[in-house]
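Each remark here refers to the structure printed beneath this line.
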Amino acid sequence: MLVVMKAQATEEQVREVCRKIESLGFRAHPIPGAQRTAIGITGNRDAVEAGTLEEMPGVGEVIRVSKPYKLVSRDVKPENSVIRFPNSHIAIGGRDIVMMAGPCSIESRDQAMTIAEQVARNGGHFLRGGAYKPRTSPYSFQGLGEDGLKIMAEVREQFGLLIVTEAVDNESLDLVEQYADMIQIGARNMQNFSLLKRAGRSQKPVLLKRGMSATLEELLMAAEYILSEGNYNVVLCERGVRTFADHTRNTLDLSIVPAVQRLSHLPILVDPSHGTGKRNKVAPLGRAAIAVGADGLMVEVHHDPDHALSDGQQSITPDQFARLMSEIKQIAAVLDRGVVAPVSTLKPMFT
Ligand code: PEP
Ligand code: MN
């Protein structure tokens, strides 16, 4: 159920309706929009009695939401959500495109600093990098853990890049939320519902990657878990799905970008690195992702990809990243978009 307040409803009237919803034993999610505030109601197995709410001052209408996802839906919030970060000009989901770049794994302080310098110099906004790695083999490098998070925090100090890194379980999430600006939930955990609920109770924005066999509806329902716990700052990320095609690691499903945008107000990024698994396909698919309307990219960048401890084969080099940034600026302009201003005043390789 959704209570749509009248455009001229006062804040007190919104609060009164929320109190009423909570007194009926449900949870109220007031979501302010450009025209009016909508209040999502969750926790109801049966229909809420619309009559009691409809008569309250300031209420425009009470709508039954028939879709399984509610808070992520454009029914609740017709305009795009823009995710902002404290003390930063960086926003995700606005007019301008955002770039998350960095190694698959944080391997050492030197490695992270070297790559971060190139990412910042060439216009990247976030350093990505795993401290907790969900690896297929238990014998593969599992990440540096908290030491990796400390290195990332140092990178933020040094270069002004924001930090996005994956939490693989509730314990790592406790640490990731202390150090990072954004919590990444990986493809393998997209339907780890207790982890999603924990992320929903965090104050930090969440980057939710699509599961490797997840449908659009399953992705939106996973995001709904996070919002239903009160964290509305969620960004989706397409990273490829499993198909019969074997010329790439995964099949990057770019059509999900406009499909998500039709149904949901949440921003969506694309990861052409995990999406293709091949270095020579990262830039072409990255360019295509911007053309299709993504709000940004997440790409793996490594200064020495042949010796990377994970995913070297799909990591682009810093000069390839610099070139991609310059191409993206031009593609964005065609769509009347720009790229978020750089965090660094260092001179880029290409302009
Ligand atoms: C990652 O981005 O580090 C990662 C492991 O990606 P995914 O969850 O999409 O496989
Ligand atoms: Mn990787």
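Among DSSP bridges having both ends in the chain, what percentage is antiparallel? Round to the nearest 5.
Details: 17 of 45 bridges.
In the chain, DSSP labels about 40 percent of beta bridges as antiparallel.
So how tilted is helix 11-23 from the main axis of the chain? Cα-based, degrees 0 to 90, rounded to 10.
Roughly 80 degrees, rounded to the nearest 10.
Whenever you get a sec, compute what percent of the accessible area on the chain sits on carbon and sulfur atoms (1.4 Å probe). Write out the running numbers ahead of the final one.
Working: 7260 of 14880 Å².
Carbon plus sulfur share of accessible area: 49 percent.
How do 20-30, 98-108 rank on mean C-beta neighbours within 10 Å, highest first? Write out the running numbers ahead of the final one.
Numbers: 20-30: 16.2, 98-108: 26.0.
In decreasing order of mean packing, 20-30, 98-108 become 98-108, 20-30.
Using the Kirkwood formula on the Cα atoms of the range 1-119, what hydrodynamic radius do you get, in angstrom to one decimal?
Numbers: mean 1/r = 0.0585 Å⁻¹.
Averaging 1/r across every pair of different Cα atoms and inverting gives 17.1 Å.
Would you please give the residues with an amide H less than 5 Å from that of Lys278, counting only those at least 5 places away or on a separate chain, with H modeled from the backbone geometry?
Here Arg249 satisfy the definition.
Write down the radius of gyration of the chain and its Dmax, each obtained from C-alpha positions, in Å.
20.7, 66
Show me the trypsin sites (Lys or Arg not before Pro) within the range 213-309 that DSSP assigns to loop and that have at most 14 other Cβ atoms within 10 Å of their Cβ. Working shown, then result.
Numbers: sites: Arg239, Arg242, Arg249, Arg262, Lys278, Arg279, Lys281, Arg287; in loops: Arg239, Arg242, Arg249, Lys278.
Here the trypsin sites (Lys or Arg not before Pro) that fit, given the DSSP loop and packing criteria, are Arg242.
What does the charge count around Pro272 come to, taking other residues whose C-beta lies under 10 Å from its C-beta (Lys +1, Arg +1, Asp -1, Glu -1)? Mind dumping the intermediate values first?
Details: positive: Arg239, Lys278, Lys281, Arg287; negative: Glu238, Asp271, Glu300.
That sum, taken over residues with Cβ under 10 Å, equals +1.
May I ask you to give the solvent-accessible area per residue for the chain, in square angstrom, as obtained with a 1.4 angstrom probe? Kindly include the intermediate steps, with their values, before the conclusion.
Details: 14880 Å² over 351 residues.
Ligands and nucleic acids excluded, the figure is 42 Å² per residue.
Restricting attention to the alpha-carbon atoms of the range 185-262, what are Rg (one decimal) and Dmax (integer), both in Å?
Cα only, the range 185-262: 12.7, 41 Å (Rg, Dmax).
Counting pairs of alpha carbon atoms under 8 Å apart in space and at least six apart in sequence, what relative contact order in percent does the chain give?
Details: 766 pairs, mean separation 59.8, N = 351.
Computed value for the chain: 17 percent relative contact order.
Under 4 °C and 1.567 mPa s, how fast does the range 237-351 diffuse according to Stokes-Einstein, given a Kirkwood radius computed over C-alpha pairs? Answer in µm²/s, whole number.
Values: Rh = 14.8 Å.
Translational D for this selection: 88 µm²/s.
If amide H atoms are built 1.01 Å from N in the plane of the peptide, which residues on other chains or at least 5 residues away come under 5 Å of the amide H of Ser105?
Sorted by chain and number, the residues that satisfy this are Gly130, Ser310.
What number, in nm² with one decimal, is the all-direction average of the projected area of the convex hull of the alpha-carbon atoms of the range 2-63? Each step should come with its number before you reach the end.
Working: hull surface 14.4 nm².
Mean orientational projected area (the range 2-63, Cα hull): 3.6 nm².
Against the longest alpha carbon principal axis of the chain, how many degrees, from 0 to 90 and to the nearest 10, is the axis of helix 279-292 turned?
30
The values are calculated or read from the model by the stated rules, or taken from the named source; none is laboratory data. Quantities reported herein were computed from a predicted structural model and do not represent experimental measurements. Because the Cβ atoms are built from the backbone with ideal geometry, glycine has one as well, and the counts that use them run over all protein chains shown. Remember, those area values only see protein heavy atoms, side chains included, never the ligands or the DNA or RNA. Shrake-Rupley method; radii C 1.70, N 1.55, O 1.52, S 1.80 Å.
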